[in-house]
Amino acid sequence: MNDRIIGRIKRVNGPVIEVMGITDAAMFELVRVGEENLVGELIKLETDSAVVQVYEDTTGIAPYDPVYGAAMQLSVELGPGMIGTIYDGIQRPLEAIRATSDIYIKRGVAVPSLDRSKRWHFVPVVKPQDRLSGGAILGTVQETQRIVHKILVPPGDAGVLESIVPEGDYTVEDPIGALKTDDGQRKELFLMHRWPIRLQRPTRKRLPMDIPLVTGQRVIDALFPVAKGGTVSIPGGFGTGKTMTQQAVAKWCDADLIVYIGCGERGNEITDVLTEFPKLIDPRTGRSLMERTILIANTSNMPVSAREASIYTGITMAEYFRDQGYHVAVMADSTSRWAEALRELSGRMEEMPAEEGFPAYLPTRIAEFYERAGSMETLGGAPGSVTIIGAVSPPGGDFSEPVTQHTKRFIRCFWALDRHLANARHYPAISWLDSYSEYLNDVAPWWEQRAGSEWVADRIEIMDLLQREVRLQQVVKLVGPDALPDTQRFVLEVCTLFKNAFLQQNAYDKIDAFSVVEKQAKMIHIIATYWRRGSEIIKRGATLIELRKVKVYQDIIKMKFSIPNDDLSGLDKIEARLERSMDQLEALHA
Amino acid sequence: MPEIRDRRLLAGREYIGADKIDGPLIFVSKTHPVGYRELIECVDKQGHVRLGIVLESSTSVVVAQVFEGTTGLTLPDTRVRFSGEPPTISVSKEMLGRMFNGLGLPIDGGPPPRGDIDLDVNGMAINPTSRQYPRDFIQTGISVIDGMNTLIRGQKLPIFSGNGLPHNELAAQIARQARIRGTATEFAVVFAAMGVKHDVAQFFIRSFEESGVLENVALFLSLADDPSIERLITPRTALTLAEHLAFNEDMHVLVIMTDMTNYCESLREISTIRGEIPSRKGYPGYLYSDLAELYERSGMIKGHKGSITSLPILTMPNDDISHPIPDLSGYITEGQIVFEREMDGRGIYPPVAGLPSLSRLMKDGIGEGMTREDHPHLASQLFAAYSYVKDVRNLASVIGEEELTPLDHNYLEFGKAFEQKFVSQRKDENRTIEQTLDMGWEVLRSLPVEELHRITEEEIEKYYGA
């Protein structure tokens, strides 16, 4: 290690280290600690001392041990080779670490983030003397079957292209050209570049968010849609299915790329993703889901400070692919663990706590994170987006705690998970009463274009019924359902049908795991039609039993399992039969 | 700055006199550079050695916690030795059948066992890419677990109980009956007791003895009258042995840790003495990470035959599941078995609450080829129906049972049968998975067939009609 010594250790307290005798060091500089070269980051600077947080276990680190400065900020390597890889919180490739250090993660392992030996087939799209600025595309690498990796001029650099290599195979360290910058310097270009994780990557401007991120999950797409570039929070107590929901979205949503951050969660959940994703086939492209996924795993037993960094590592990678013109979805599971890491580090630095021991800057950090989402016009001019879906694990399932509350201020879509639904094994357990989406009006035109003009009216009608059901249920709790007239009991009946036939979705069923928007719109329409016609007929004197006994009722309940996504004609048949049965009933009570 | 930089030369240096003793913490100043988490030996006036660990090290003072307590230590006469190494335990297969204290020293009167390998008790984080996703069904012989909250080999499934509830009986019954179907594998039980009463420890020992498995059990006991600080290292020592048995000796290990609540209390005690900023209810902000360090040590590893299945027991203070200890545990473990006092009051054993209990790994370990093809849908239907029973009971308590619809009466009947036939069983009753599932179908017959939304027609024909 030829880094310079910037100071020596004064005090060790878990992952937080005080350094004395600081000569020259920069805020957020990447440092190495002790003879084992543990990775750390400088987070507080005083005249002659500093505080460093170490991203590895500090057992054995002692006072007077040297601290080396790397003269750069904690950064990630961005280039071909990231997709399908699993990294820890500071972008160390876990598969490569396994090859060097057996089943456990040993300390001080230095493995480069991107494979240095692998050659990538690079096709240039620029020629010498071209004037290029940051974010311009130099050429492409076909990284996986479905992702063309666009090699960019690092943001901030600009100038005239001096040279560029011909089409051929290069490693990430081979120079592929050089740029003569405006101030006369020569800058070499590579397939990869570095970017500090705490710094948002620049873009030209923000674009309106009017295209939904289609997740294939009916309760999300139809009731609480999120736009591409939007921000979502999924809060829920343990066992309510946060991870299940995140995984379902990661599997089936129509983003080009998924960055899945397992932040302070279970090791086996990451293993589950690792074993399952390669086997799953994306219905849109017919390719394995792993070909569009980057995993970041900092499980709960891995060092807490790296957990703090993992969120930034993930979002920086997502921004990099956005800059290539892709739509990226970031799953952060769970932001509460990240906030707790902040709390732990803050406590060890003896900072004054605000609510529940969290530092006073918690809301600022949450805001900074979610503001890195957005639908953007990239420096290269193409549209791209980063959608953030962050899980929150409120202690005791109590949404009034600081992390949930502060998060709510900075997101625009809220999928509240409900303990009662989860207990009844109603999945996804997204509450239709507590959840909301501010993107609804933005994406409604898209829906109407894709799925027909009835969609808005059908959706409003059903949401209204669900609200009415709550009030009726309160009456039922006092006097029993028999006391209600059939017109009102029919509301309960339709709501139960809607919950069973539409809202509940079986993530393990081949057909039901995911529904295309056209299917969703038709299903809502069928149920809304049953309600509209049925309530008219009841007013004419039909009984609830008669309405429930129509044969098509069983087909409606099973339509989510029986009608495949690629052939929706079955739904038209069900609708026609429903209309016919209703006509007959109407005739009976004319 | 000291001249000597080589730690090996400095290790073992002894300092006479401490600066301050506060509870289990000892402060020593003017030492050589001492590493974070180094093992220390404190020798009192009588020459008795107590072990401890460095919690904080700086140029001016070293703070260490003494596991055996600081009672009787004096400032001038205490001698402190720094070992230069983190605390390790020498482990081997010979430790099975023996009894140790929380630090791994034998307390059964026998000689210290021969150790094969010295391991850091804190362990290391398992690389997620080395893990193998657990999916082997363990038959515990207990219907409510096998049928509804299936235990999988390599899972961490805690029992959330309350004072006076039969969690010890259930844990002992699981340890006695747990089998992987169709295989005779080498198995071991590692038992860690933290702050439990002597008679509880005796109960477990007797129970292991009666079932003839005692020679496959290693016990680590830090009982209620032992220094509370020892509880912090007890589970780590026990898990270190478990890791050795599982991943070096290819054994299937069941780790029972009781009572996690006492462990957390000790952690809070230390944290308070150190003047750390508390989070909820005075527990330190790192309680989650600390618990994760213990729970995450279970699992299966690719290329290794052994496994660690852990069954931590915790008593929920005041039966409150939202208390930080069960709450944070639930966020780490792969499900939970929750006890309900009301069911216990009605004489139902095991008093496992149907709805809040959950096994996260169940989905991949049941069904055709693993248990039986009807298992997933049957379990889902039982959950759904039982959830409705709870609603009906609430309604009945307001409007009276007579006012209920005939269908709701069916549900009440189902609820009763479910609790008394399916959930309830004898403490020595060992049901096969087939018996469990058949019992599930039997109780479902209280309901009309139209109510079984989650079951396919073929299953209804094959099992419900029978």
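The values are calculated or read from the model by the stated rules, or taken from the named source; none is laboratory data. It should be emphasised that the depicted structure is a prediction, and the values quoted were computed from it without experimental measurement. Reconstructed Cβ throughout: ideal geometry from the backbone, glycine too, with neighbour counts over all protein chains shown.
A:ILE270 is checked against (1) in a strand (DSSP E or B); (2) within 12 Å of chain B (Cβ to nearest Cβ); (3) not basic (Lys, Arg) and fails just one. What number does that condition carry?
Every condition holds for A:ILE270 apart from (1).
Pick out the one residue from A:GLY480, A:GLY534, A:GLY570 that is on the phi > 0 side of the Ramachandran plot and outside the structural domain of A:LYS251 (by TED's automatic domain parsing).
Only one candidate passes the filter, namely A:GLY480.
Just to check your reading of the model, which residue among A:SER113, A:SER133 is polar (S, T, N, Q) and surrounded by 20 or more Cβ atoms within 10 Å (Cβ to Cβ)? Quick ask: steps written out before the conclusion?
On the way: A:SER133 fails: surrounded by 20 or more Cβ atoms within 10 Å (Cβ to Cβ).
Sole residue among the options that is polar (S, T, N, Q) and surrounded by 20 or more Cβ atoms within 10 Å (Cβ to Cβ): A:SER113.
Can you name the residue in segment A:327-352 that is surrounded by fewer than 23 Cβ atoms within 10 Å (Cβ to Cβ) and in contact (Cβ under 8 Å) with a residue 60 or more places away in the chain and is also nearest to B:GLY275 (Cα to Cα) among such residues?
Restricting to residues being surrounded by fewer than 23 Cβ atoms within 10 Å (Cβ to Cβ) and in contact (Cβ under 8 Å) with a residue 60 or more places away in the chain, the top hit is A:ARG348.
If we scan segment A:342-365, do we find a residue that is closer than 23 Å to A:GLU269 by Cβ and under 15 Å from the mean Cα position of the chain (by Cα)?
No: segment A:342-365 contains no residue that is closer than 23 Å to A:GLU269 by Cβ and under 15 Å from the mean Cα position of the chain (by Cα).
Given the condition under 24 Å from A:GLU371 (Cβ atoms) and within 14 Å of chain B (Cβ to nearest Cβ), answer yes or no: does some residue in segment A:247-261 qualify?
Looking for residues that are under 24 Å from A:GLU371 (Cβ atoms) and within 14 Å of chain B (Cβ to nearest Cβ), one finds at least one in segment A:247-261, hence yes.
Find the strands (runs of 3 or more DSSP E) located wholly in segment B:26-112 whose residues include 2 or more that are away from chain A (no Cβ under 14 Å), and list them.
B:39-43, B:49-58, B:79-82, B:88-91, B:99-101
Counting only residues that are among the hydroxyl-bearing types (Ser, Thr, Tyr) and at the interface with chain A (Cβ under 9 Å from one of its Cβ atoms), how many does segment B:387-416 have?
Qualifying residue count, segment B:387-416: 3.
Looking at A:THR275, is it in contact with a Phe, Trp or Tyr (Cβ under 7 Å, 6 or more places away or on another chain), surrounded by fewer than 20 Cβ atoms within 10 Å (Cβ to Cβ) and not in a loop (DSSP other than H, G, I, E, B)? I'd like the intermediate steps shown before the answer.
Values: in contact with a Phe, Trp or Tyr (Cβ under 7 Å, 6 or more places away or on another chain): yes; surrounded by fewer than 20 Cβ atoms within 10 Å (Cβ to Cβ): yes; not in a loop (DSSP other than H, G, I, E, B): yes.
Considered against the rule, which asks whether it is in contact with a Phe, Trp or Tyr (Cβ under 7 Å, 6 or more places away or on another chain), surrounded by fewer than 20 Cβ atoms within 10 Å (Cβ to Cβ) and not in a loop (DSSP other than H, G, I, E, B), A:THR275 comes out as yes.
Only residues that are more than 7 Å from every other protein chain (Cβ to nearest Cβ), within 34 Å of the chain's Cα centre (by Cα) and closer than 26 Å to B:THR31 by Cα: list them for segment A:42-64, please.
Passing the criteria: A:VAL51, A:VAL52, A:GLN53, A:VAL54, A:GLU56, A:ASP57.
Determine whether B:GLY115 is in the same structural domain as B:GLU293 (by TED's automatic domain parsing), among the small types (Gly, Ala, Ser), out of contact with any strand residue (DSSP E or B) (no Cβ under 7 Å at 6 or more places or on another chain) and in contact (Cβ under 8 Å) with a residue 12 or more places away in the chain.
No: the conditions fail for B:GLY115.
Among the residues of segment B:334-347, is any of a type in the set (S, T, N, Q), surrounded by fewer than 19 Cβ atoms within 10 Å (Cβ to Cβ) and within 12 Å of chain A (Cβ to nearest Cβ)?
Scanning segment B:334-347 turns up no residue that is of a type in the set (S, T, N, Q), surrounded by fewer than 19 Cβ atoms within 10 Å (Cβ to Cβ) and within 12 Å of chain A (Cβ to nearest Cβ).
Would you pick out the residues in segment A:140-155 that are touching a strand residue (DSSP E or B) at 6+ places or on another chain (Cβ under 8 Å) and either hydroxyl-bearing (Ser, Thr, Tyr) or surrounded by fewer than 20 Cβ atoms within 10 Å (Cβ to Cβ) (or both)?
Scanning segment A:140-155 gives A:THR140, A:GLN142, A:GLU143, A:VAL148, A:PRO154.
Residues being facing chain A (nearest Cβ under 10 Å) and over 19 Å from B:SER329 (Cβ atoms): count how many of those fall in segment B:264-283.
Final tally of qualifying residues: 4.
Mind listing whichever residues of segment A:294-308 are aliphatic (A, V, I, L, M) and either facing chain B (nearest Cβ under 9 Å) or more than 26 Å from A:THR275 (Cβ to Cβ) (or both)?
Listed by number, the residues that qualify are A:LEU295, A:ALA297, A:MET302, A:VAL304.
Considering segment B:206-228 alone, what residues qualify as being touching a residue at least 40 places away in the same chain (Cβ under 8 Å) and out of contact with any Phe, Trp or Tyr (no Cβ under 8 Å at 6 or more places or on another chain)?
Hits for segment B:206-228 are B:GLU215, B:SER222, B:ASP226, B:SER228.
For the condition without any contact (Cβ under 8 Å) to a residue 40 or more places away in the chain, in contact with a strand residue (DSSP E or B) (Cβ under 9 Å, 6 or more places away or on another chain) and buried (at least 23 other Cβ atoms within 10 Å of the Cβ), what is the one hit in B:PRO128, B:PRO158, B:PRO106?
Being without any contact (Cβ under 8 Å) to a residue 40 or more places away in the chain, in contact with a strand residue (DSSP E or B) (Cβ under 9 Å, 6 or more places away or on another chain) and buried (at least 23 other Cβ atoms within 10 Å of the Cβ) holds for just one of B:PRO128, B:PRO158, B:PRO106, which is B:PRO128.
Pull out all pairs, ordered by first then second residue, where Cβ-Cβ is under 6 Å, the residues are six or more apart or on different chains, the first lies in segment B:284-300 and is more than 7 Å from chain A (Cβ to nearest Cβ) and among the small types (Gly, Ala, Ser), and the second is crowded, with 24+ Cβ neighbours inside 10 Å and outside any loop (DSSP other than H, G, I, E, B).
B:SER298/B:LYS156; B:SER298/B:ILE308; B:SER298/B:SER310
Results for (1) farther than 30 Å from A:ASP254 by Cβ; (2) touching a residue at least 40 places away in the same chain (Cβ under 8 Å), shown as yes or no for each residue.
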site	(1), (2)
A:GLN488	yes, no
A:THR496	yes, no
A:ALA507	no, yes
A:LYS519	no, yes
A:ILE524	no, yes
A:ARG533	yes, yes
A:ILE563	no, yes
A:LYS573	no, no
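Considering every residue within segment A:436-446, establish whether at least one is surrounded by 22 or more Cβ atoms within 10 Å (Cβ to Cβ) and touching a residue at least 24 places away in the same chain (Cβ under 8 Å).
Within segment A:436-446, one or more residues are surrounded by 22 or more Cβ atoms within 10 Å (Cβ to Cβ) and touching a residue at least 24 places away in the same chain (Cβ under 8 Å).
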